[in-house]
Amino acid sequence: MENKQPSSEFGDSGFPAELEYQSGFGNHFSSEAIPGALPQGQNSPLMCPYGLYAEQISGTSFTSPRKVNQRSWLYRIKPSVTHEPFKPRIPSHKKLVSEFNQSNSSANPTQLRWKPTEVADSPIDFIDGLYTVCGAGSSFLRHGYAIHMYTANKSMDNCALCNADGDLLIVPQKGRLWIATECGRLQISPGEIIVIPQGFRFAVNLPDGPSRGYVAEVFGAHFQLPDLGPIGANGLAAPRDFLAPTAWFEQKFCPGYTIVQKFGGELFTAIQDFSPFNVVAWHGNYVPYKYDLSKFCPFNTVLIDHGDPSINTVLTVPSDKPGVALLDFVIFPPRWLVAEHTFRPPYYHRNCMSEFMGLIYGGYEAKADGFLPGGASLHCCMTPHGPDTKTFEATVARGNDAGPFRIANTMAFMFESCLIPRVCPWALESPHIDREYYQCWIGLKSHFSHEEGDYKDKQVQNGKDTN
Ligand SMILES: [Fe+2]
């Protein structure tokens, strides 16, 4: 598919009100900011059109099976190798982890919850505002994940970040993100997400100033759409709603421009004197993309019981075991609840998987209070969790005659993994941790009764006769 964009203004790093995107998850895209910039018939001609350099970026090994192979060809004014040597960044970043072990994080089976973190007044950009909350595995061994959060208030200036460790799925909760990438520019508002695959250089601009959000990083694998099974060919996140950028470039002299490379959780810097966003044309299937969560088509129970949250999977990163995710991104969007004689909120639960939750806006159906937009919770492997006391009592009080009810104005999400996360010390010691979280369940009282005939009476009330 060919999708051309009006030629860029040289040296213009501002974002227009409307950007043009290419549609489709996993497509093989082609885009050129100047007509004729994309070589035809081959990837690496002796001389590329307009004297551009050809450069491939590989997101999978060369020999990965075709159905999972991801790579793109970038045609740029100077190749990305044109920079001074990498050096450890000074000052180092103290709160990024990509290899979780006893030296940098700890096991904690307690139900954890954090209140939202206010954005600092002092200037801080996306790189320094990013901090790891928890994770498992190792970026070096290409297996695992990290969950980060960020609070930032200023745009990255004369620098770009390149994450060599894994793919980043960014969930803004407050403040828009205007992100320049080597494939073009994307604008993301709270309620949308962006995936920046491993290795792409990008710069985060914050047009709204104070900003906050969540990030899932996966090592050694990429996000894909979940299989739909008996749902059929349609539903959940539609491939056409995923948007990739169109080619855009800037050609300008940028003395001291810094490439910040996150490599093994450490930051390294390399200086060059030009913008890395100098790709005039590109083609391929390895590309940043965004998705508007309001376009999700939820499926749910229409008679009894509460469906397992996997029914709301937007994107998944599979592990080697069938049906077991290294990381699922699941949302809890506005929807109708219609189940009969059913406890409609999420059930009480212990899970072999570990669940990190965040809230983008509104409330969450299982927590009457305490779980706030910008906050987070973590329920590790086999740690019990479920509706708080207020939610349980209010739900039961509504009784069996509760009619269809629309959950509106809400967008919660979950990162769920088969790997058990270790938690970073600054997250456990954070002033925003809710040390009273357990209290939300302490008030759950026993409704148990075993008077003669009592159980049968209750079953009849529920619309079922045990006979
Ligand atoms: Fe759960």
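Just so it is clear, none of the values below were taken in a lab; they were calculated from the coordinates. Values in this document were obtained by computation on a predicted structure and should not be read as measured data. In this analysis, Cβ positions are derived from the backbone assuming ideal geometry, glycine residues included, and neighbour counts consider all displayed protein chains.
Using a simple charge model, +1 on the beta-carbon of Lys and Arg, -1 on the beta-carbon of Asp and Glu, nothing else, what dipole does the chain show about its Cα centre, in debye to the nearest 20?
Values: 38 positive and 46 negative charges, 106 e Å.
For the chain, the charge dipole is close to 500 debye.
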Margin query: With angles folded into 0 to 90 degrees, how steeply does helix 389-398 sit against the dominant principal axis of the chain? Use alpha carbons for both and round to 10.
Written below: 60 degrees
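So what is the orientation-averaged projected area of the chain, using the convex hull of its C-alpha atoms, in nm²? Before the final figure, lay out the partial values.
Working: hull surface 98.5 nm².
Taking the Cα atoms of the chain, their convex hull projects to 24.6 nm² on average.
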Notebook entry, point to check: Can you put TYR53, TYR286 in order, fewest other beta carbons within 10 Å first?
Noted result: TYR53, TYR286
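What order, most packed first, do the peptides 35-43, 423-431 have when packing is the mean number of other Cβ atoms within 10 Å of each residue?
On the way: 35-43: 13.0, 423-431: 15.2.
The packing order, highest mean first, is 423-431, 35-43.
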Next item on the list: Please list the non-local residues whose amide H lies under 5 Å from the amide H of GLN70, H modeled 1.01 Å from N, same-chain partners needing a gap of 5 or more.
Entry: GLY59, THR60
Next item on the list: Express in whole angstrom the spacing between the alpha-carbon centres of region 138-180 and region 314-376.
Entry: 23 Å
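Going highest first, how would you order 340-347, 70-77 by mean Cβ packing within 10 Å?
Details: 340-347: 17.2, 70-77: 21.2.
For the peptides 340-347, 70-77, the packing ranking is 70-77, 340-347.
For each pair in LYS87/LYS115; LYS87/LYS252; LYS262/LYS390, compute the distance between the two Cα atoms and list the pairs where it is over 32 Å. Walk me through the intermediate numbers first.
On the way: LYS87/LYS115 36 Å; LYS87/LYS252 24 Å; LYS262/LYS390 44 Å.
Long pairs (Cα-Cα over 32 Å): LYS87/LYS115; LYS262/LYS390.
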Check: So for LEU337, LEU327, fewest C-beta neighbours within 10 Å to most, what's the order?
Finding: LEU337, LEU327
Note to self: Using a Cα-Cα cut-off of under 15 Å, which aspartates and glutamates could be cross-linked to LYS367, ignoring same-chain neighbours fewer than 8 residues away?
What the structure shows: ASP388, GLU393, ASP434, GLU436
Notebook entry, point to check: Rounded to the nearest whole Å³, what is the per residue volume of the convex hull around the Cα atoms of region 75-173?
Noted result: 171 Å³
Check: Going 7 Å from the Cα of PHE140 in the Cα-to-Cβ direction, what parts of region 256-277 have a backbone nitrogen less than 15 Å from that spot?
Finding: 263-267
Check: Mind listing the phi-derived Karplus ³J(HN,Hα) values for region 353-369, rounded to whole Hz, using 6.51, -1.76 and 1.60 with θ = phi - 60°, and x for any glycine or proline?
Finding: 8, 10, 10, 10, 10, x, 10, 7, 7, x, x, 10, 5, 9, 10, 5, 7
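Assuming R0 = 41 Å, can you tell me the calculated FRET efficiency for the pair PHE263 and GLU436, based on Cβ-Cβ distance, to the nearest 0.05? The partial results should precede the final answer.
On the way: r = 39 Å, r/R0 = 0.96.
That gives a FRET efficiency of 0.55.
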Next item on the list: Tell me what the chain gives for mean residue ellipticity at 222 nm when only DSSP H runs of n ≥ 4 count, each as -39,500 (n - 2.57), the sum divided by the residue total, rounded to 500 deg cm²/dmol.
Entry: -1500 deg cm²/dmol
Next item on the list: Return a whole-number percent for the relative contact order of the chain, with Cα pairs under 8 Å and 6 or more residues apart as the contact set.
Entry: 19 percent
Next item on the list: Give the long-range amide H neighbours of VAL280: residues separated by 5 or more places, or on another chain, with amide H under 5 Å away, using H modelled in the peptide plane at 1.01 Å from N.
Entry: TYR75, ARG76, ILE77
Checklist line | Integer Hz, Karplus 6.51/-1.76/1.60 couplings in order for region 147-160, x for Gly and Pro | finding: 10, 10, 10, 9, 10, 8, 9, 9, 5, 5, 10, 6, 8, 9
Item checked: Amide H within-cut-off set for GLY375, under 5 Å, with H built and near neighbours excluded -> LEU359
